[in-house]
Amino acid sequence: MQELDTKFAALADPTRRAILARLSQGEATVNELARPFEMTQPAISQHLKVLEDAGLITQRVEGTRRPRRLAKQGIEAMDQWLGMLRTAFEKNYDRLDGVLADITKQKKGRKR
């Protein structure tokens with residue numbers, strides 16, 4: 001769970017969510033990622049470090065460039081956890097639908 005806590009804490013910041021959204025379109029360098037923001041390259045680098053430490057992005061070396069991209073395993077871990085919650089919510093809603101259907105049937109039976 002600590003690993004998930006770190007991932008979701010990294011997503012708490014809107015700048016980091018915007019960086020992930022940009023990386024969903026393909027890899028990018030620090031300068032490319034910094035362009036749309038009104039902050040310095042070192043500030044963007046700090047955000048990238050948080051995302052890397054959380055396992056949400058990775059970097060590769062390409063000569064002097066260090067492009068970042070989404071880390072499949074990190075994103076999949078969060079998706080699996082959210083999927084578990086989604087399944088639990090669906091079961092709860094299905095049970096609620098059943099209870100409401102029974103109540104509706106009972107009310108219709110009383111009116112006759």
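The values are calculated or read from the model by the stated rules, or taken from the named source; none is laboratory data. Predicted model, so just to flag it, every value in this text is computed and none were measured. Because the Cβ atoms are built from the backbone with ideal geometry, glycine has one as well, and the counts that use them run over all protein chains shown.
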For this session: Tell me, please, whether a residue that is aliphatic (A, V, I, L, M), in a helix (DSSP H, G or I), surrounded by 11 or more Cβ atoms within 10 Å (Cβ to Cβ) and touching a residue at least 24 places away in the same chain (Cβ under 8 Å) can be found in the range 78-85.
Result: yes
Seminar exercise, completed: If we ask which residues in the range 13-32 are in a helix (DSSP H, G or I) and either modelled with pLDDT of 95 or more or farther than 17 Å from R66 by Cβ (or both), their number turns out to be 10
For this session: Take the residues in the range 47-69 that are at pLDDT 95 or above, in a strand (DSSP E or B) and in contact with a Ser or Thr (Cβ under 8 Å, 6 or more places away or on another chain), then tell me which one is farthest from V30 (Cα to Cα).
Result: R69
Problem set entry | Check on A18, of a type in the set (A, V, I, L, M, F, W, C), surrounded by fewer than 16 Cβ atoms within 10 Å (Cβ to Cβ) and under 22 Å from M78 (Cβ atoms) | yes
For this session: May I ask you to list the residues in the range 37-46 that are within 21 Å of the chain's Cα centre (by Cα) and not in a helix (DSSP H, G or I)?
Result: F37
Exercise. Is there any pair with a first residue in the range 37-61 that is surrounded by 12 or more Cβ atoms within 10 Å (Cβ to Cβ) and a second that is modelled with pLDDT under 95 and among the acidic types (D, E) whose Cβ atoms are under 8 Å apart and which are 6 or more apart or on different chains, and what are they?
Worked result: G55/E3
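Could you tell me whether the range 28-51 includes any residue that is closer than 30 Å to M84 by Cβ and hydroxyl-bearing (S, T, Y)? Talk me through it step by step, then tell me what you get.
Filtering the range 28-51 down to residues closer than 30 Å to M84 by Cβ leaves 47-51.
Filter once more, so that each one left must be hydroxyl-bearing (S, T, Y): none.
No, the range 28-51 contains no residue that is closer than 30 Å to M84 by Cβ and hydroxyl-bearing (S, T, Y).
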